[in-house]
Amino acid sequence: MDQDHSSAALGHARFEATRWSVVLEAAQSRAPGGPEALARLCERYWPPLYAFARHRGHGPQDAQDLVQGFFQHLIESRALGAVDQAKGRFRSFLLASFQNFTAMERRRAGAEKRGGRAEQIRIDWRDAESRIGFEPEDPLTPETFYDARWALELLGRATRRLEQEQAALGKAQAFRTLRPFLGDEGARADLTYGEAAQALNVGLPALKTQIHRLRRRHAQLLREEVAQTVLDPDDVEVELHALCEALVQAEGRVRV
C-alpha cells in the first residue's frame, strides 16, 4: 500500500466513530480521511433532508438535486465552518445549513449547474419516496418530518448494530425471532410471548429476560448513536426526548 492510500486508510479508521464536529473540521481542513468521513456521514443522514425538501414542496427530482448538491457543497466548501453549530447538535446544524443552501440556490436560480462537480458521495434514491410517507396535504411541518426521519435513521443504526452483535454471539436466529419485541411491550410483534418462547424452546420467564436484555442493549446503542450527533454529553437525553416527540407527532407517517 502506497503512502497516500495508507494515510487514507488510517483516516478512515480514525473518523469512523468520531463526533460530527470533528469530522466537519477535518474535512474542511482537508485532513487525511476527513472528506471521506464526511461523505459517509452524508450517505448516512440524507433521508431526513430529503423528507424535509419534499415536504417543503419540492418534487422528487428537485429534492434529490438539492440534497446531492448540498452535500457536495458541504464537503467542498469551508464556508460552512462559520455557521453556528446549532448548540452542538448535528441534526439542527445540518437542517440550518441545508436551509441556508437552498436559499442560496434560489437566489442563484440555476445560474450554475451542480452536475459539474465531481461526486464524492453515492446516494441510492430508489426507495426515497417510500421511506418518507409523503402526502402533499399533510398538516405536519417539514421540520417534524425531518426530525422523525432523523430519529428512525438512528434507531435503524442501533438495531443493525445489535443484530451484528447477536450474530457474532451465534444468536442470529434468536434475534430474528425477538426483534419485533424491541417495540413497546411487543405491540408490533407477529408472535405472542408464548409463541416466541415455544419457537425458541425456552420458558416464558427466560424469554422475558432475553427481551429485557435486548431492549436494554438497544437503548444503550441508541444513546451511543445520539451521542455521536451532539457535542455535550448532557444533551443526549434532551435530544432523545426531542426525537421521541417527533415520532409521536409523525404518528407512523414516516417509515423505516
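The values are calculated or read from the model by the stated rules, or taken from the named source; none is laboratory data. Small disclaimer: the values here were computed from a predicted structure and weren't measured. With ideal geometry, Cβ positions are generated from the backbone for all residues, glycine too; neighbour counts draw on all protein chains shown. Side chains are part of the model used for accessible areas, which takes the heavy atoms of the whole protein and leaves out ligands, DNA and RNA. Shrake-Rupley method; radii C 1.70, N 1.55, O 1.52, S 1.80 Å.
Observations
- Computed from label points 7 Å out along Cα-Cβ, the spacing between Ala206 and Glu143 is 5.1 nm.
- Overall form of the stretch 186-225 per C-alpha gyration tensor (a/c, 1.5; a/b vs b/c): prolate
- Förster radius 25 Å - calculated FRET efficiency between Gln99 and Glu224 (Cβ-Cβ, nearest 0.05): 0.35
- Amide H contacts under 5 Å for Val230, placed H, 5+ residues apart: Phe90
- Pairwise FRET efficiency - Glu165 versus Glu76, Cβ, R0 = 25 Å, nearest 0.05: 0.10
- Computed label-point distance, nm, for sites Asp234 and Arg216 using a 7 Å Cα→Cβ extension: 2.8
- Integer Hz, Karplus 6.51/-1.76/1.60 couplings in order for the stretch 169-174, x for Gly and Pro: 8, x, 10, 4, 5, 4
- With a Förster radius of 45 Å applied to the beta-carbon distance between Gln173 and Asp62, the computed FRET efficiency rounds to 0.50.
- His73 - accessible surface, heavy atoms, 1.4 Å probe, Å² rounded to 10: 40
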